Amino acid sequence: MDLIVDGFLKAFHLLISLDREVLGITLLSLQVSGLATMISLFLGISCGTAVALTEFPGRNLVVSLINAGMALPPVVVGLFVTVFFWRNGPFGFMELLYTPAAMVVAQTIIATPIVTGITLAAMQSLPKKLRLQILALGATRPQMLLILMREAQLPLLAAIMAGFGGVISEVGASIMVGGNIKGYSRVLTTATVMETSRGNFDMAIALSIILLFFVFLINLALTLIQQRERPR
Amino acid sequence: MPMLTVNNLKVARGGIPVLDIPHFELEAGESLAILGPNGAGKTTFLLTLARLLIYSQGELLFKGQDISLPELTVPYRRRLAMVFQEPLLLNTTVFNNVAAGLKIRRMAKQEIEKRVSKYAELLKITHLLNRDARKLSGGEAQRTNLARAFATEPEMILLDEPFANLDAPSRDSLIDDLHSILRQTETTAILATHDRLEALRLADRLAVMDGGKIVQIGACHEVMNHPVNEVAASFVGMETVFSGYVLKVADGSFVVAVAGHAVEALGNVEKGERVLCCIRPENIIISHDNAMEGTSVRNNLPAKIVKIIPQGSFFKVHLDCGFFLAGYVTQQSLENLSLKEGKNVTVSFKATAVHVIRREK
């Protein structure tokens with residue numbers, strides 16, 4: 001029990017003293033996961049919208065692949081990103097392995113199917129004729145897509161939350177492709193794993209609390225937007 | 001020059017032809033109603049005219065200009081408006097919905113406000129402008145939808161069964177308002193519907209569609225009184241349709257053999273020819289014991305009442321006289337003649353009440 005109390009005390013101390021190392025780890029976490037979420041939003045919303053609005057042979061297969069991708073195990077992603085970025089791998093020349101950039105790549109691969117799947121569901125839940133109605137109002141294709149996205153904004157906010165939530169709390173891929181290098185590629189989750197394995201529970205608890213705090217903060221912000229827009 | 005000219009238009013879906021219009025013209029300022037059963041191709045026709053559906057073959061001219069080029073699609077769509085059966089409102093206020101088409105056209109804010117308030121007033125939704133569009137009743141939502149369409153001041157408006165989902169009172173008042181707006185703005189309109197009364201209240205001309213084709217088009221009274229085939233007849237209210245062959249011809253009148261009865265009618269037909277006879281229910285007289293014998297009514301047939309269906313202020317009586325007949329009676333007649341299901345009566349109708357369609361050979 002002392003362990004936990006000590007952990008909380010230490011965490012509190014680290015937080016208010018703005019410990020440089022903890023600060024650096026936190027910032028890198030937010031940067032990597034934030035960037036990965038943003039890239040995955042761009043890719044996922046485009047892909048999800050495209051699949052939702054078009055008919056093509058093999059569409060059902062693509063939809064099931066996307067849905068399966070929503071449960072992509074981070075360690076599998078980590079493994080393949082490592083293999084691809086390995087010195088002799090296809091992208092070895094880029095020398096990205098064990099860099100934050102590689103972590104962004106891995107996290108983007110994890111978040112994109114999540115965003116795509118939720119976007120797809122959101123767009124499909126709109127009435128089919130709405131698209132025709134918007135075009136009939138004289139909209140160009142980009143205008144139509146923009147209006148459709150605005151119509152689906154509530155579920156799209158859920159896509160952001162799910163995507164960000166998925167990558168900020170992910171550890172397997174980050175540790176494999178980032179290497180948990182101190183002051184360079186160490187993020188909240190990889191640091192927590194390391195500190196726990198070393199028995200530094202106070203530090204691990206402190207890092208976990210920070211992680212939980214940010215997950216909560218970002219979801220709170222998005223929830224407030226979502227609930228403001230909720231039909232009353 | 002006609003507002004809209006269609007030549008040799010063909011639309012296919014999955015290789016199956018769903019629309020085939022050899023020629024169609026619409027004059028500026030005219031309103032046309034398209035009547036037809038579900039699946040007749042009414043919606044497909046309107047979507048094609050709005051360039052929302054790709055057609056496999058044909059020519060579409062708007063004020064003489066060919067609008068088939070892809071780069072003309074959006075500018076063309078901005079000259080017209082389309083209203084669907086469902087209101088399909090955007091997830092925002094009524095004001096923003098009415099303004100949607102104007103915002104798409106990047107109109108100045110002041111102009112948008114002017115237009116919105118003008119058309120909100122015409123459609124009597126001014127008091128709703130700040131409301132959430134999702135909280136409207138069916139009638140209010142469809143009024144908002146129409147205001148959104150008219151606010152863009154289209155040269156032509158396409159209405160796809162806009163009243164089908166509304167309750168009777170909201171429908172009636174909306175039809176009246178739409179009629180006056182169409183007259184006031186002189187907007188050319190095409191209305192697809194399966195309700196002939198709606199069509200008659202709004203249209204100058206009627207077209208009947210069936211199986212992807214326009215089977216008849218003409219002035220309302222012409223289509224109403226001279227339907228060219230069975231589908232057209234049933235859609236203009238000639239509920240009784242039966243076929244028979246011509247027994248004898250004399251001086252413009254002739255006798256048709258139908259299910260063992262001889263029915264007299266007027267028209268130019270040949271002996272032995274198969275014809276379709278149509279009678280409106282309002283032209284059927286029901287009596288007891290052949291009471292109409294010896295009058296100018298030429299057809300008096302024994303019949304049995306199959307069913308009596310209340311229609312609000314009157315009743316529709318289904319009769320079996322070897323073939324099926326429908327007639328209207330008032331509540332009073334029903335009581336005075338003590339009409340009941342299963343009762344034997346006499347059915348009478350004048351030879352002039354029979355509309356004859358010659359079967360194509």
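The values are calculated or read from the model by the stated rules, or taken from the named source; none is laboratory data. Quick caveat: nothing in here was measured; it's all calculated off a predicted structure. Note: ideal-geometry Cβ built from the backbone for every residue, glycine included; neighbour counts use all protein chains shown. SASA here: full protein model, heavy atoms, side chains in, ligands and nucleic acids out. Shrake-Rupley method; radii C 1.70, N 1.55, O 1.52, S 1.80 Å.
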Residues with amide H under 5 Å of B:Thr240's amide H, sequence separation 5 or more or different chain, H placed in the peptide plane at 1.01 Å from N; which?
-> B:Ile279, B:Ala326
Please give the FRET efficiency for A:Ser125 paired with B:Ser243, using the beta carbon to beta carbon distance and R0 = 56 Å, rounded to the nearest 0.05.
-> 0.65
Quick one: what are the phi-derived ³J(HN,Hα) couplings along the stretch B:279-294, Karplus 6.51/-1.76/1.60 with θ = phi - 60°, whole Hz, x for glycine and proline?
-> 9, 6, x, 6, 9, 9, 10, 10, 9, 9, 6, 6, 4, 8, 4, x
Over chain B, calculate the relative contact order: mean separation of alpha carbon pairs under 8 Å at least 6 apart, over the residue count, as a percent.
-> 15 percent
For the table B:Lys248/B:Lys350; B:Lys316/B:Lys343; A:Lys129/B:Lys135; A:Lys10/A:Lys182; A:Lys128/B:Lys109; A:Lys128/B:Lys42, the rows whose alpha-carbon distance is greater than 22 Å are A:Lys128/B:Lys109
Per-residue ellipticity at 222 nm for the protein assembly as shown, helices alone: DSSP H runs ≥ 4 residues times -39500 (n - 2.57), over residue total, nearest 500 deg cm²/dmol?
-> -14500 deg cm²/dmol
Over chain A, what is the relative contact order in whole percent, taking alpha-carbon pairs under 8 Å and six or more residues apart?
-> 32 percent
Give me the distance between the Cα centres of the stretch B:332-347 and the stretch B:219-276, rounded to whole Å.
-> 27 Å
Could you list which residues have their amide H under 5 Å from that of B:Arg131, counting only those 5 or more apart in sequence or on another chain, with H placed in the peptide plane?
-> B:Val94, B:Phe95
Each residue of the stretch B:115-128 in order: what ³J(HN,Hα) in whole Hz does its phi give by Karplus 6.51 cos²θ - 1.76 cosθ + 1.60, θ = phi - 60°, with x for Gly and Pro?
-> 4, 4, 5, 5, 7, 5, 5, 4, 9, 6, 10, 3, 5, 9
At B:His179 and B:Glu270, where each label point lies 7 Å from the Cα along Cα→Cβ, what is the point-to-point distance in nanometres?
-> 4.5 nm
Which shape class applies to the stretch B:19-89: rounded if a/c is under 1.5, otherwise prolate when a/b exceeds b/c and oblate if not, where a ≥ b ≥ c are the square roots of the Cα gyration tensor eigenvalues?
-> rounded
Counting only heavy atoms of the protein chains, get the accessible area per residue of the protein assembly as shown (1.4 Å probe) and round it to a whole Å² value.
-> 48 Å²
For peptide A:137-145, how many partner chain Cβ atoms fall within 10 Å of a residue's Cβ, on average?
-> 6
About the Cα centre of the stretch B:223-289, how large is the charge dipole given +1 on each Lys and Arg Cβ and -1 on each Asp and Glu Cβ? Please answer in debye to the nearest 20.
-> 140 debye
Unit charges on C-beta of K, R, D, E only; dipole of the protein assembly as shown, Debye = 620 debye
On full extension of the chain, what length is gained from B:Ala291 through B:Asp132, given 0.36 nm per residue of separation minus the C-alpha to C-alpha distance?
-> 51.0 nm
With springs only between Cα atoms under 10 Å apart, run a GNM on chain B and tell me which of B:Thr330, B:Thr48, B:Thr126 wobbles the most.
-> B:Thr330
How much FRET efficiency would the formula 1/(1 + (r/R0)^6) give for A:Arg228 and A:Leu53, where r is the Cβ-Cβ distance and R0 is 30 Å, rounded to 0.05?
-> 0.65
GNM on chain B, C-alpha springs below 10 Å: top fluctuator among B:Asn283, B:Asn130, B:Asn145?
-> B:Asn130
Using modelled amide H (1.01 Å from N, peptide plane; none on Pro or chain starts), what sits under 5 Å from the amide H of B:Glu30, excluding residues fewer than 5 places away?
-> B:Ala189
Euclidean distance of C-alpha centroids, the stretch B:132-187 and the stretch A:1-78, integer Å = 47 Å
Of B:Val83, B:Val223, B:Val269, the one that fluctuates the most in a GNM where chain B has Cα springs shorter than 10 Å | B:Val269
Range of Cα positions in the stretch A:86-137 per principal axis (Å), largest first | 54, 18, 16
The stretch A:156-232: D in µm²/s via Stokes-Einstein (Kirkwood Rh, Cα pairs, 20 °C, 1.002 mPa s)?
-> 155 µm²/s
With a ≥ b ≥ c the root eigenvalues of the C-alpha gyration tensor of chain A, is it rounded (a/c under 1.5), prolate (a/b larger than b/c) or oblate?
-> oblate
How many Cβ atoms of partner chains, on average, are near each residue of B:80-90 if near means within 10 Å of its Cβ?
-> 4
For B:140-152, mean number of other protein chain Cβ atoms within 10 Å | 1
Residue by residue, what Karplus-based ³J(HN,Hα) values in Hz, rounded to whole numbers, does the stretch B:181-188 have, using 6.51, -1.76 and 1.60 with θ = phi - 60° and x for Gly and Pro?
-> 5, 4, 5, 5, 8, 6, 7, 5
